[in-house]
Amino acid sequence: MVYELAIDVGALVAIDTHVHIEIDDDGTHSLPPTLADAASKYFKSGHERPSLDAIADLYREHKMAAVVFTVEAGTALKHVGVSSEFIAAGAARNNDVLIPFGSVDPLTGAAAVTRARMLVADHGVRGFKFHPTVQNFDPSSQEFWPLWAALEELSFPAIFHTGQTGIGSGLPGGYGMRLRLSNPMLLDDVAAAFPALQIVLAHPSVPWQEEGLAVATHKANVWMDLSGWSPKYFAPALVRQANSILQDKVMFGSDYPLLTPDRWLKDFVELDIKDEVRPKILKDNAVRLLGLSSASAGVVL
Ligand SMILES: [Zn+2]
């Protein structure tokens with residue numbers, strides 16, 4: 001089934017640009033058991049892994065849409081997780097609220113390029129998600145440039161995890177994962193070489209937040225989602241730039257199920273953000289990035 005967008009943008013109060021589907025309907029988990037257990041411990045989450053349909057219901061009740069994805073890292077993790085096809089099919093039956101992003105494993109080379117094209121053509125995905133630390137690749141390496149060229153040509157955005165990660169955290173050697181692969185400066189190279197590719201830095205890039213803000217300021221094609229942290233913990237520089245120079249490129253994202261959209265939004269109310277900037281962060285910037293209709297500009301939560 002090919003996903004087709006059926007989102008009534010005007011009826012939405014917000015768009016959550018960062019939601020993980022961690023389990024499929026057969027019980028397959030996105031991560032191998034050792035990593036999943038360690039991540040749960042790190043996040044002290046009640047280990048809640050809602051189904052795709054339950055996630056759709058949650059967002060529908062809240063009058064929000066959500067960008068949903070998995071991370072395919074078969075080569076690095078030696079584990080076949082949740083598939084992009086599963087996500088696209090689930091989003092297709094919940095296309096009033098879910099927007100599917102695909103995932104391909106960059107270490108599979110030319111097959112990743114073919115798969116990216118196939119996920120768009122046959123399944124209707126509207127963007128792509130990457131996690132350089134988990135997928136074990138350096139996005140600035142020219143080895144992966146055919147993939148970025150293909151995504152640029154497809155005209156869909158690519159979200160890259162940036163900054164530290166809970167995955168592998170607390171394990172010997174961090175399970176072999178390298179944090180530096182998620183330094184946003186590596187994406188500055190990609191943004192420079194592919195100026196029509198819209199790149200989203202996922203999370204405020206801690207401990208490279210200044211770097212992330214610099215790249216997003218310098219490159220017109222670089223955006224940032226504010227997921228993974230409660231707004232309560234946003235650094236002053238982030239709040240200042242979200243209010244000014246980056247107000248058209250920073251977006252609400254929760255990182256659900258690790259952080260609930262309710263918690264994020266509740267803490268966002270308390271954040272010192274200008275009234276006119278709030279709807280941009282909550283919805284309007286995502287509407288532009290995702291190519292949704294902009295009929296709803298100006299709705300305030
Ligand atoms: Zn995430």
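Given PRO207, THR108, LEU186, which one lies farthest toward the positive end of the charge dipole of region 9-290, if we put +1 on the Cβ of every Lys and Arg and -1 on the Cβ of every Asp and Glu?
PRO207
Please build a GNM for the chain, connecting alpha carbons under 10 Å apart, and tell me which residue among ALA158, ALA54, ALA242 fluctuates the most.
Result for the chain, Cα springs under 10 Å: ALA54 fluctuates most.
Please get the size of the charge dipole for region 9-290, origin at its Cα centre, with Cβ charges of +1 on Lys and Arg and -1 on Asp and Glu, quoted in debye to the nearest 20.
I would put it at about 360 debye.
Could you work out which residue, out of LEU201, LEU271, LEU187, moves most in a Gaussian network model of the chain, that is, has the largest mean-square fluctuation with Cα springs under 10 Å?
Comparing LEU201, LEU271, LEU187 in the GNM, the peak value goes to LEU271.
Sorting HIS218, HIS62, HIS29 by accessible area (1.4 Å probe), largest first, what list results?
Working: HIS218 140, HIS62 60, HIS29 25 Å².
Highest to lowest solvent-accessible surface, that is HIS218, HIS62, HIS29.
Accessible area per residue for the chain in Å², computed with a 1.4 Å probe and the full protein assembly in place, what is it? Don't jump to the answer; show the numbers that get you there.
Numbers: 11870 Å² over 301 residues.
Result: 39 Å² per residue.
Report the paramagnetic label zone for HIS29: residues of region 48-84 whose backbone N is under 17 Å from a point 7 Å from Cα along the Cα-to-Cβ axis.
Within reach of a label on HIS29, which here means backbone N under 17 Å from a point 7 Å along Cα→Cβ, region 48-84 contributes 48-52, 70-74, 77-83.
Of the heavy-atom accessible surface of the chain (probe 1.4 angstrom), what whole percent is carbon and sulfur? If you can, show how the numbers build up before the last one.
Details: 6540 of 11870 Å².
Of the solvent-accessible surface of the chain, carbon and sulfur hold 55 percent.
Please list, in order along region 64-80, the HN-Hα scalar couplings obtained from phi with the Karplus expression 6.51 cos²θ - 1.76 cosθ + 1.60 (θ = phi - 60°), rounded to whole Hz, x for Gly and Pro.
10, 9, 9, 8, 10, 7, 10, 10, 8, 9, x, 5, 6, 9, 6, 8, 8
Is region 179-301 best put as rounded, prolate or oblate by its Cα gyration tensor, with a ≥ b ≥ c the root eigenvalues, rounded for a/c under 1.5, and otherwise prolate when a/b is larger than b/c, oblate when not? Intermediate results must be reported in sequence, preceding the final value.
Values: a/c = 1.66, a/b = 1.23, b/c = 1.35.
Cα axes put region 179-301 in the oblate bin.
What nm value, rounded to one decimal, do you get for the distance between LYS274 and GLU61 when each label is placed 7 Å out toward the C-beta?
Label at LYS274, label at GLU61, 3.6 nm between them.
For region 80-232, what percent of Cα pairs sit more than 20 Å apart?
Result for the distance tail: 49 percent.
Which residue fluctuates most in the GNM of the chain (Cα springs below 10 Å): VAL215, VAL239, VAL190?
VAL239
Please find the FRET efficiency linking LYS78 to GLU210, where r is the Cβ-Cβ separation and R0 is fixed at 35 Å, and quote it to the nearest 0.05.
Numbers: r = 35 Å, r/R0 = 1.01.
For R0 = 35 Å, the calculated efficiency reads 0.50.
Rounded, prolate or oblate: which one fits region 1-160, using the alpha carbon gyration tensor with axes a ≥ b ≥ c (rounded when a/c is under 1.5, else prolate when a/b beats b/c, else oblate)? Let's see the in-between values first.
Working: a/c = 1.83, a/b = 1.14, b/c = 1.60.
Oblate, because a/c is 1.5 or more while a/b does not exceed b/c.
Say R0 is 30 Å: what FRET efficiency, to the nearest 0.05, do ALA196 and GLN164 get from their beta-carbon distance? Let's see the in-between values first.
On the way: r = 30 Å, r/R0 = 0.99.
Step by step, r from the Cβ atoms, then E = 0.50.
Report ³J(HN,Hα) in whole Hz for each residue of region 200-206, in order, from the Karplus equation J = 6.51 cos²θ - 1.76 cosθ + 1.60 where θ = phi - 60°; Gly and Pro get x.
Taking θ as phi minus 60°, the curve returns 10, 7, 7, 6, x, 6, 4 Hz for region 200-206.
List every residue whose amide H lies under 5 Å from the amide H of ASP16, counting only residues 5 or more places away in sequence or on a different chain, with H placed 1.01 Å from N in the peptide plane.
ALA65, ALA66, VAL67
By its C-alpha gyration tensor, with a ≥ b ≥ c as the square roots of the eigenvalues, how is region 75-136 shaped: rounded for a/c under 1.5, else prolate for a/b larger than b/c, else oblate?
Values: a/c = 2.26, a/b = 1.67, b/c = 1.36.
In terms of gyration-tensor shape, prolate.
Would you tell me the accessible area of ILE87, worked out with a 1.4 angstrom probe on the heavy atoms of the protein chains, in Å² to the nearest 10?
Looks like 0 Å² after rounding.
Using a Förster distance of 45 angstrom, determine the FRET efficiency expected from the C-beta separation of THR114 and ARG240, and round it to 0.05.
0.55
When DSSP beta bridges are limited to those with both residues in the chain, what percentage is antiparallel, rounded to the nearest 5?
On the way: 1 of 24 bridges.
Percent antiparallel among DSSP bridges in the chain is about 5.
The values are calculated or read from the model by the stated rules, or taken from the named source; none is laboratory data. Owing to the predicted nature of the structure, the values given are computational and were not obtained by experimental measurement. Here the Cβ is made from the backbone with ideal geometry for all residues, glycine too, and neighbour counts use every protein chain on show. Remember, those area values only see protein heavy atoms, side chains included, never the ligands or the DNA or RNA. Shrake-Rupley method; radii C 1.70, N 1.55, O 1.52, S 1.80 Å.
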